[in-house]
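Student: Quick one: the structure is below, questions incoming.
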Amino acid sequence: MRKLSIAVAIAAAALAAPAFAQDMSAPAPTDNSAAPGEAAAPDGSKAFGIEPYFGVMGGWEQFDNEAGHGIPQALNANGTLRRGYKPSGSLVQGVLGVNVPLGPVFVGAEGNVIKGIDGNIDWQYGAAGRFGFRAGDSGLIYGKVGYQWVNFDHFSGLSNTVPNTNRDYSAITYGIGAEVGPQSIGLKGITGNAGFRIRAEVNTFGDAQSFRPMLGIVTHF
């Protein structure tokens, strides 16, 4: 009986060893992976879900010295246009938002706070909606539209030959952008709990009277 028990134990161990080795060699499933039969994105993550994220970006913005975009023109004391003057400066931006992937597309919303590093711009803040397509492993191509408030550190302008003392302006903002972050750098899909994407976007203010290119890193959590 003892010999039979030993033989049974050896046989069971021999049968379990390949399965154990297979489990060890197989990658551990991630909590954002699509289940068998569930709709999945190209990278294997869930096609539907919610992705909160935050990011830090840097860039630069220049406002045109033209009428009709919500910011007074910079004029000389005699009322003529102050040519060559364009409010501008380098910026650092923080963003916080959420994406809702819907299969091959996504929608979302985000808020932003911007601090001017040099030049005429002091602070900006605003909110925008985003919509676009999922691309590649975990990339995004999107458009955005929202509302932005701008505070100028100094604004060397005159309105109707009267010194301009107003430094706060607001208008609709819109832009386009893209995010890339393949799985090779740790991204686990836009419904994952960790990973980084590189974001590049261009925005404008009012009636297309400013130009703000930004580049930075976004991480989801």
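Student: How much length would be gained if the chain were fully extended between Phe221 and Leu96, taking 0.36 nm per residue of separation minus their Cα-Cα distance, in nm to one decimal?
Tutor: Gain in length upon complete extension: 43.9 nm.
Student: With labels modelled as points extended 7 Å from the Cα through the Cβ direction, what inter-label distance (nm, one decimal) is found for Val113 paired with Asn151?
Tutor: 1.1
Student: Within segment 59-119, report the trypsin sites (Lys or Arg not before Pro) that DSSP leaves as loop and that have at most 10 other Cβ atoms within 10 Å.
Tutor: Here the sparse-neighbourhood loop sites are Arg83.
Student: Give, in nm to one decimal, the length gained when the segment between Thr80 and Ile141 is fully stretched (0.36 nm per residue of separation minus the Cα-Cα distance).
Tutor: Between Thr80 and Ile141, full extension yields an extra 17.7 nm.
Student: Here's another thing I want to ask about it. Give me a comma-separated list of calculated 3J(HN,Hα) values for segment 169-177, in order, Karplus coefficients 6.51, -1.76, 1.60 applied at θ = phi - 60°, integers in Hz, x for any Gly or Pro.
Tutor: Going residue by residue, I get 9, 8, 5, 5, 10, 8, x, 9, x Hz, with x marking Gly and Pro.
Student: Can you give me the long-range amide H partners of Asn120? Hydrogens built in the peptide plane at 1.01 Å from N, cutoff under 5 Å, separation of 5 or more residues or another chain.
Tutor: It is Ser88, Gly89, by chain and number.
A short reminder: the numbers here are calculations on the coordinates, not readings from a lab. Bear in mind that the values here come from a model prediction, so they are computed numbers and not experimental data. Positions of Cβ are generated from backbone atoms using ideal geometry, with glycine treated the same way; all protein chains shown enter the neighbour counts.
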